[in-house]
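Worksheet for the structure shown next.
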Amino acid sequence: MAGRLGRQGFGVDIGGSGIKGAPVDLAAGEFVAERVRIDTPHTSSPAKVIDVVLEVVSAFDWKEPFGCTFPGIVHHGVIRSAANVDKSWIGVDLAAELADRTGQHVIVVNDADAAGVAECRHGAAVGVDGVVIVTTLGTGIGSAVLHDGVLLPNTEFGHLELDCKDAERRAAASVREEKDLSWEEWAERLQRFYAHLEFIFSPDLFVVGGGVSKKADKFLPLLELRTPIVPAGLFNDAGIIGAALVAAERTPGLHDSAARTDRRA
């Protein structure tokens, strides 16, 4: 499989329930082969999760640089927060660990940031100038901010204060399920969250991702915002695609324009 970078990349998406990966056509923003998904270990310690990531990569015999997402702050490959995963992750240099185990250059990126890049290149935000805010509604609330296609990493808007709590403790999709909220009740919480973001950032577009975005018709029409708000175009594929795109951009020596994520779609 040598020589694919510039045409193909590879992304792995670490999630709370599953770890998924696939080779990606970087120009088209599509999977080249059906993704592989393996359940996230119940005790999601670094050692166990890394073993699963390697299993996903090995399933495709991938021998080149790749990207990997993580659900927390990622600073130069090092994990700096673990709000919804095992606390032993804090301080782990995941990029170095994966590079050491695979012998390849590895880029690790926040999961919502990866989704944001993918949505701006190949999803719901293609061709949108200005400020785009992508949010992922799931166990928590992830966020990505891009200005004219350029990512501002690790924004973590799910930890903004809402009703004296982290916003994700009030308005994440998991909260709707746990508290058995109606769509209307949940939309009231989302209204406060998105109105707050709108006031602070004056974005040009909101994109809403996460599994619940497949039911966007049940709650997005209930929101009253000046800013257009739309469901994600790539759904749960965005993390894998975005990880592959970011890795292609940041891999030393890679200059193929089809692989660069700073290219306007």
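The values are calculated or read from the model by the stated rules, or taken from the named source; none is laboratory data. Just so we're clear, the structure is a prediction, and the values are computed from it rather than from any experiment. Reconstructed Cβ throughout: ideal geometry from the backbone, glycine too, with neighbour counts over all protein chains shown.
Being buried (at least 18 other Cβ atoms within 10 Å of the Cβ) and part of a loop (DSSP other than H, G, I, E, B) is the filter here; which residues of segment 228-241 pass it?
Ala232, Gly233, Leu234
Hand me the list of strands (runs of 3 or more DSSP E) wholly inside segment 1-120 holding 2 or more residues that are crowded, with 24+ Cβ neighbours inside 10 Å.
Details: elements: 8-14, 18-25, 36-39, 66-70, 106-110.
In segment 1-120, 8-14, 18-25, 66-70, 106-110 are the strands (runs of 3 or more DSSP E) which contain 2 or more residues that are crowded, with 24+ Cβ neighbours inside 10 Å.
Only one of Ala95, Ala59, Ala99, Ala83 is within 18 Å of Gly239 (Cα to Cα) and assigned by TED's automatic domain parsing to the domain that holds Ile241. Can you tell me which? Working first, answer last.
Values: Ala59 fails: within 18 Å of Gly239 (Cα to Cα); Ala99 fails: within 18 Å of Gly239 (Cα to Cα); Ala83 fails: within 18 Å of Gly239 (Cα to Cα).
Just one listed residue meets the conditions, Ala95.
For segment 149-182, what are the residues that are surrounded by fewer than 15 Cβ atoms within 10 Å (Cβ to Cβ) and within 17 Å of Pro221 (Cβ to Cβ)? I'd like the intermediate steps shown before the answer.
Going through segment 149-182, the residues surrounded by fewer than 15 Cβ atoms within 10 Å (Cβ to Cβ) turn out to be 150, 152, 161, 163-165, 177-180, 182.
Listed by number, the list holds a single entry, Ser182.
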